[in-house]
Amino acid sequence: MPEAFESRLHELVEQRRALIERLLAAPSGLDWCRAHTEIADAGMRLVAEEVERRHPTMPPYCVVATGGYGRNELAPYSDVDIAIVPLDESHPDFDAGVRTMYRLLVQAFQTALGIEVGYAYRLVGDVPGLDPRSRTGLLDARFVAGHREPYELLMEAFWDSLPVGEFVLEKILERRRMFEKHHDTPLVVEPHLKEGAGGLRCWHCSNWLDMAVGGRPSRPTRGYDRVLKERNLLHAVAGKKLDLLTRTRQAELADLLLRDPFDALAEVVLATRELHLEYQAALERLHETRFPLAEGVVASRGEVRFFGATGLSRAAVGIGVATKLGLRVLSLEAPPMTGVDGSEAVYALTAGEPVLRNLDRCGILTMLLPELTRCRALIPRDTMHTYTVFEHTLRLVRLLDGLTPGTFLGNVKEGVQNDAALYLAALLHDVGKFDPGAVHEEFGAEIARAVCQRWDLGEELTENVVWLVRHHLEMTKVVRIRDVMNPFTAKEFAEIVGTQERLDALTLLTWADIRAVSEEAWSPVLETFLRELYDRTTALLQEEAPIEPSADPFRRRLMRDLKRQEVPEEDVQRFLDAMPPIYLMSVPIETVKVHFGMTKKATEGESTVDLSTHAQLAGNELTVCTPDRRGLLSEILGTVYAYDLRVHSIRAGTTKSSPPVAIDTFHISFNDRPVPDATARHFVQTLRQVLSGGTTVEEALRKHGKDPDRAQRLYSYRYTEGDPGVLELQTPRGRGMAYRFSRLITQSGWDIVAARVGQWAGRGAAAFYIVRSDGSPVPRTEVEVVFRGRV
C-alpha cells in the first residue's frame, strides 16, 4: 500500500476522532453531520484516486452518495451508502478495478474509520426496474468521485422512469408500517429518533413526497437540527448506531452534558412534533397539487382525472393508487380502453374492496372483469343470502381485507406467501351462478381459467385460481355436514387439497364466503369445526400425524393414563376392547376417561344424562350413557326435537360388552346459543323418563305439539361406501329431520356411529356414518333399496 495513501487515511482517522470528541464537548446537529460527511467524501476520493492509479485504463465510472450520506447527514455511526455507476461495464478492465475499489473501501472505512459501507452496483439501463427503496436512496443522490457523465445519465433515467403515484404510495405505507412498529405520535417518553412519528424520517419523507410530485425540498428547520443533534449524541455515547432514546440513554446524555433530563426530553418532543406536523402537511399538499398516478391517470386537487390514452390495466393501477392515497374517484365513466398486462390487472384487483368499488364507480371494473359485474343484480337462489352475487363478492373481499395477525385466521392469512390466487378466486368464485342451469363451481372454474388465460397469467397462478373456484364449497360441506373429529375425514380432505398453500387459501375463502352470506350464517360451531379440520389436515400435510389413522396409539395412551389413576388393568383392557376403533380415534382422551366411569355405572343398570354448557361451541354437550337397545338414538333425538333444540353433531358409540352400553354424545343448542336453564332442567327430566320407560318419545313429542309419525321429505341422497359408510341427505330446512331419519336408519337394521346435522345451500343437510347392526359395512345396494322412491 503506498505511503501517501496510508498517510492521508491516517489523517482522516484522526480528523474523525477529533470530530467525535468535539461533538461530546459541543453538541451539534446538521453542521457536525456535514463536517463528518466531508471526511467520508475525502475518503471516497482517496479510494477513487488509488483505484485510478492502479487501473489507469479503467473506463469512466462514478461514485454516488445515496441516502443520508447523499443528504450530507452522516451521523457518527451511520452507514456510508454509495452506488457505483459505470459508463461501460463491458470494458475488460472494469471488473478488476471494481474489485480493487471494494478491497480499499473495506480497508479505509470499515477497518480504519470504523464506518460500515453499503454499496450497490447500478447500471443506467436498470433504473426503470428499481424497487421503491433503491429509488428513495437516489432521490438524495450526490456526486462524490469519478466522472460526472455516468451520474448525469443515471439521474436523467431516474426522473424519466419514476412511477410517481406508486412511489408516493409506497413511501406513505412505509411510514405507516414504521409508526405501527415504533410509535404513531411524537408525544412519547422514549422516542425513536429516526423511524418513529416525528423522527427524522418524517422530515425526509415530506421532502421525498414534495420532490416526487415536482416540488422542491424544504430547508432544514431548528426542530430538525435539534433531533439530529440528539441522534448524534446518542450515537457517540453508545459507540454504535442507535436511534431509540430510552430513559437510560437520556440519563447518560444528561449526566454528560450537565442538563436536566426532563427538560432535554421536552425539547426533543417539541422538535419531533414539528417534524411530524411537517409530514402531515406534506400529505395534505398531495391533495392540492397535480401529479401522475399512472399513464393517462392524474391526480388534480384531490380528484382523479383521465388524461390522454392509456392501457386498461394501467388505468386500473392508477385507480388503485388513488384509492389508497385517499383521492376522490368520481362517478364518471372512463373512456373506452383496451390492453391488459396481467401483473397490473392482478395488482389492481387484489388491492382490496375500496379499490374494487372505485374501479366499479368509473367503469373500469366492467371493462376489466365483465364476468363479475354482470352479476351486479344477480339474485342467489339460496334464500340464506342477504346480497346479490356481486355485492356478496365485494363483502367477501372486505372480510379478507380485515384479517389481522393475532387471530387464528389472521395468522393463516399472514402465512400465505402470495395472496393473488386467493383474491382472484374470491372475485370469481360465484360468477358461475350467471348460468342457473350449470353447477356454478364447475362453470365458475371454466370462467376463471378463461380469465387467467386472457391476462396471460402464469401456469401456477392459473391452476391455483381455477382449483380454488372449483373447490370453494368443499370445506364448507365438510364443516357443515361431515364429522371433522373422524380422522378419516381429515385424511380424505388432505388428499383433496394436496398442499398447505391451497389449504390456507381455501380456509380463508371458506370463512369469508360463509360470513358474507348474512349476519347469521357464521356461528361458533362452524368456527370450531373449521379450525379443527384445518389443524388436523395441516398435521397430515406436514406429516405430523399418520397418513393411515389407527386406534393403537390412542389405546396405549389411555391404558397409561387410566393405570396412573389406579384403575385395575383388566378393567381398562376390557373397556378398550369393548369400544369400536372409530370411537377411540375420534373422542378426546379426557372425554374417554369420563366415559369409562359412566360405562361402569351403566353395566350396573345406572343411566347417565349429562348436559353441560360448551362455551366454545355456543351451545351444550349432551352425553347419554345407558344400556343399549334398538332405537335408543332415535328416542334421544326425538326428545331433543320435542324441546325445539337444534342438533349440530352426534357421536354414537356402543360397547361390544355384554350387555352392550351406549355412549352417545350430542352437540345441541337453543337457537345457536346455550339451552336456557329452565328448559335444560325440563329436557333432562323428560329424557331420563324416556330412558327409564316412564314415558315414550312419542308421548313427549305429542305433549309438545309434534307429530311423531310425520313423514320427512327428501330432496337428494348420496352414499359413500366405507367402514363406516357415509349417508349424505338434503331435505327441507326445519327441526326433526335428525329424529326422523335416525328412526328410518334403525328400522333398516343399521347403526349410526356418528352424524352431523346442518344446512347447505338453503336446505337441511345431514351426514350419517352408518354400519350394519353387526358392525359390518352397509353395501350400496341396501341403501338404494331403502331410499328408492323417497326422493
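The values are calculated or read from the model by the stated rules, or taken from the named source; none is laboratory data. Keep in mind that this is a model prediction, so the values were computed, not measured. Methodologically, a virtual Cβ is constructed for each residue, glycine included, from the backbone with ideal geometry; neighbour enumeration extends over all protein chains shown. The area values use the complete protein model at the heavy-atom level, side chains included, leaving out ligands, DNA and RNA. Shrake-Rupley method; radii C 1.70, N 1.55, O 1.52, S 1.80 Å.
Remarks
- All other residues whose Cβ lies under 12 angstrom from that of Glu295 are scored, Lys and Arg at +1 and Asp and Glu at -1, for a net of -2.
- Protection proxy ranking of 172-179, 349-356 - average other beta-carbon atoms within 10 Å, highest first: 349-356, 172-179
- The alpha-carbon of Lys324 sits under 26 angstrom from the alpha-carbons of these lysines, leaving out residues fewer than 8 places away in its chain: Lys171, Lys181, Lys194, Lys413.
- About its Cα centre, the dipole of the chain is roughly 2320 debye, where the only charges are +1 on Lys and Arg Cβ and -1 on Asp and Glu Cβ.
- The relative contact order of the chain, computed from alpha carbon pairs under 8 Å that lie at least 6 residues apart in sequence, is 7 percent.
- Taking packing as the residue-averaged number of other Cβ atoms within 10 angstrom, the listed peptides 18-24, 707-713 run from highest to lowest as 18-24, 707-713.
- Test item: Cα-centred dipole of the range 591-669, Lys/Arg +1 and Asp/Glu -1 on Cβ, debye: 240 debye
- Accessible area per residue for the range 9-158 is 44 Å², calculated with a 1.4 Å probe on protein heavy atoms, without ligands, DNA or RNA.
- Heavy-atom accessible surface of the chain: percent carbon and sulfur, 1.4 Å: 49 percent
- Options Val346, Thr366, Pro380, ranked by Cα towards positive dipole end of the range 326-384, top entry (Cβ charges): Pro380
- Cross-link reach list, lysines versus Lys656, counting only Cα pairs under 22 Å and skipping chain neighbours closer than eight places: Lys563, Lys593, Lys600, Lys601
- Counting only protein heavy atoms and a 1.4 Å probe, the range 649-791 has 47 square angstrom of accessible area per residue.
- Rel. contact order, % - alpha carbon contacts under 8 angstrom, at least six apart, the range 694-791: 28 percent
- Helix 3-25 vs. the chain, principal-axis angle (Cα, 0 to 90°, nearest 10): 70 degrees
- Estimated at 0.36 nm per residue, the fully extended path between Thr404 and Ala25 surpasses their Cα-Cα distance by 131.6 nm.
- Centre separation in Å (Cα based) which lies between the range 664-699 and the range 53-104: 82 Å
- All lysines inside 19 Å of Lys491 as judged from Cα atoms, apart from same-chain residues fewer than 8 positions distant: Lys477
- The order of the peptides 503-510, 716-723, 205-212 by mean Cβ neighbours within 10 Å, most packed first, is 503-510, 205-212, 716-723.
- Accessible surface area normalised per residue over the range 230-360 is 46 Å², counting heavy atoms of protein chains with a 1.4 Å rolling probe.
- Relative contact order %, the range 342-475, counting alpha carbon pairs below 8 Å whose residues are six or more apart: 22 percent
- For the chain, the mean residue ellipticity at 222 nm estimated from helices alone is -16500 deg cm²/dmol, where every DSSP H run of n ≥ 4 contributes -39500 (n - 2.57) and the total is divided by all residues, rounded to the nearest 500.
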